[in-house]
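The values are calculated or read from the model by the stated rules, or taken from the named source; none is laboratory data. Please read these numbers as outputs of a predicted model, since none were measured by experiment. Neighbour counts are summed over all protein chains in view; Cβ atoms, including those assigned to glycine, are modelled from backbone coordinates with ideal geometry. Keep in mind that these areas ignore ligands, DNA and RNA; they rest on the heavy atoms of the full protein, side chains included. Shrake-Rupley method; radii C 1.70, N 1.55, O 1.52, S 1.80 Å.
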Amino acid sequence: MADIALSFWALFTAIMVGFVLARTGVVGPGADAGLSRLAFAACIPALMFLTVAKAQPSDVFSLGSAVNILVAIILFAGYWMIGGRAGVHGPQRTIGCLLSSYINAGNIGIAYLMVVVGDPTQAAPVVMFQLCLVVPFVFTILDRQTGRTGMSVTKMVLSPFLNPPVLAVFSGLIVSLTGVHLPAVVTRPIELIAQPTVPLLLISLGISAANASLPKPSRAQAPMFAAVAARSFGGPLLSWGLGTAVGLTGTELLAVTIVGALPAANNVFVYAHRYGRSVDMARDGVLLSTFISLPVVPIIAALMHA
């Protein structure tokens with residue numbers, strides 16, 4: 001328990017460093033975006049490659065991964081059905097489904113997993129599922145709802161595989177499956193690039209928090225708050241419940257529950273902006289779920305370590 005407390009103390013310290021840097025004007029408002037892009041394009045792929053390459057395929061495509069993917073499907077379908085009955089329709093309904101189910105596994109999720117369980121492997125299959133299956137499916141729905149001409153089938157199929165973290169996961173899987181031994185001349189620079197991943201992500205989050213304002217409750221915001229509630233509280237409860245039901249225990253169950261508690265991914269805002277629909281809903285939902293995850297993840301870790 002003392003180790004987990006020290007880990008979260010380090011996590012919050014890194015976030016506060018970013019917050020203070022932004023508040024004192026050392027870095028500008030756009031610094032968080034720059035750090036996130038750097039992490040996304042270089043550090044996260046390096047970390048994911050090393051993690052997956054060293055893991056057994058059964059560790060990547062595990063029962064826990066199946067639980068997290070099933071939870072995402074349940075939350076998406078649940079919001080779709082309940083939202084429709086509550087009068088939420090069109091692109092707003094689709095964006096709400098994404099807010100409730102599409103998690104930030106490939107960014108802040110890696111930082112949380114590293115801090116809590118010391119291993120980001122659980123994030124890899126979720127990233128692949130979201131980018132390779134969820135995104136094409138949702139784009140097809142939004143194309144029909146907005147009347148926008150969608151991307152070609154070829155581009156839709158290939159685009160996820162041009163994503164740096166996905167490429168890194170697939171490359172790591174090839175190494176893991178083939179049993180190739182990579183020499184130090186290859187692994188050492190990758191390890192060096194991977195090391196700043198967690199600090200970069202946490203400092204970026206602190207900078208973002210310093211320049212953010214939380215949405216205020218209102219009737220018009222009800223669909224967004226419902227999606228965030230499903231994401232922030234329904235996600236971990238479902239993940240823990242299903243994980244327990246299939247026999248997961250210890251660190252495996254903890255990792256599955258932490259992934260279930262991750263906030264909505266910033267990609268949701270990007271997708272909403274791409275279609276020009278429910279942009280405010282997506283922005284506010286991502287921000288609010290991220291702030292909620294800050295106390296929720298340590299509470300889960302504390303309860304499951306007790």
(request) Output the residues belonging to the stretch 26-37 that are open to solvent by 60 Å² or more (accessible area, probe 1.4 Å) and more than 16 Å from the chain's Cα centre (by Cα). (result) Val26, Pro29
(request) Looking for whichever is at pLDDT below 95 and out of contact with any Phe, Trp or Tyr (no Cβ under 7 Å at 6 or more places or on another chain) here; the options are Leu202, Leu238. Which one fits? (result) Leu202
(request) Give just the number: which of (1) open to solvent by 10 Å² or more (accessible area, probe 1.4 Å); (2) over 15 Å from the mean Cα position of the chain (by Cα) does Val135 not satisfy? (result) (2)
(request) Mind checking which helices (runs of 4 or more DSSP H) fall wholly inside the stretch 1-61 and carry at least 1 residues that are without any contact (Cβ under 8 Å) to a residue 12 or more places away in the chain? (result) 2-23, 31-38, 57-60
(message) Looking at Phe40 and the list (1) over 30 Å from Gly147 (Cβ atoms); (2) open to solvent by 20 Å² or more (accessible area, probe 1.4 Å); (3) of a type in the set (Phe, Trp, Tyr); (4) more than 16 Å from the chain's Cα centre (by Cα), which single condition is not satisfied?
(response) (4)
(message) Exactly one of these conditions fails for Gly18: (1) more than 19 Å from the chain's Cα centre (by Cα); (2) crowded, with 22+ Cβ neighbours inside 10 Å; (3) closer than 18 Å to Thr257 by Cβ. Give me its number.
(response) (3)
(message) I'd like the residue in the stretch 105-119 that is assigned to a loop (DSSP other than H, G, I, E, B) and buried (at least 24 other Cβ atoms within 10 Å of the Cβ) and, out of all such residues, is modelled with the highest pLDDT.
(response) Ala105
(message) Please pick out the residue among Arg231, Arg283, Arg274 that is closer than 24 Å to Pro136 by Cα, charged (D, E, K, R) and in contact with a strand residue (DSSP E or B) (Cβ under 6 Å, 6 or more places away or on another chain).
(response) Arg231
(message) When you scan the stretch 58-70, do you find a residue that is under 21 Å from Tyr112 (Cβ atoms), touching a strand residue (DSSP E or B) at 6+ places or on another chain (Cβ under 9 Å), modelled with pLDDT of 90 or more and open to solvent by less than 60 Å² (accessible area, probe 1.4 Å), even just one?
(response) yes
(request) Restricting attention to the stretch 235-254, report how many residues are over 16 Å from Asp119 (Cβ atoms), open to solvent by 20 Å² or more (accessible area, probe 1.4 Å) and in a helix (DSSP H, G or I). (result) 7
(request) Hey, could you check the stretch 71-87 for residues that are surrounded by fewer than 21 Cβ atoms within 10 Å (Cβ to Cβ) and among the β-branched types (Val, Ile, Thr) and say which is nearest to Trp240 (Cα to Cα)? (result) Ile74
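Residue by residue, here is whether (1) loosely packed, with under 11 Cβ neighbours inside 10 Å; (2) part of a loop (DSSP other than H, G, I, E, B); (3) not aliphatic (A, V, I, L, M) holds:
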{"residue": "Leu167", "(1), (2), (3)": "no, no, no"}
{"residue": "Leu182", "(1), (2), (3)": "no, yes, no"}
{"residue": "Val198", "(1), (2), (3)": "no, no, no"}
{"residue": "Ser204", "(1), (2), (3)": "no, no, yes"}
{"residue": "Pro217", "(1), (2), (3)": "yes, yes, yes"}
{"residue": "Met224", "(1), (2), (3)": "no, no, no"}
(request) Scan the stretch 258-273 residue by residue and report those that are open to solvent by 20 Å² or more (accessible area, probe 1.4 Å), assigned to a helix (DSSP H, G or I) and in contact (Cβ under 8 Å) with a residue 60 or more places away in the chain. (result) Asn267, Tyr271
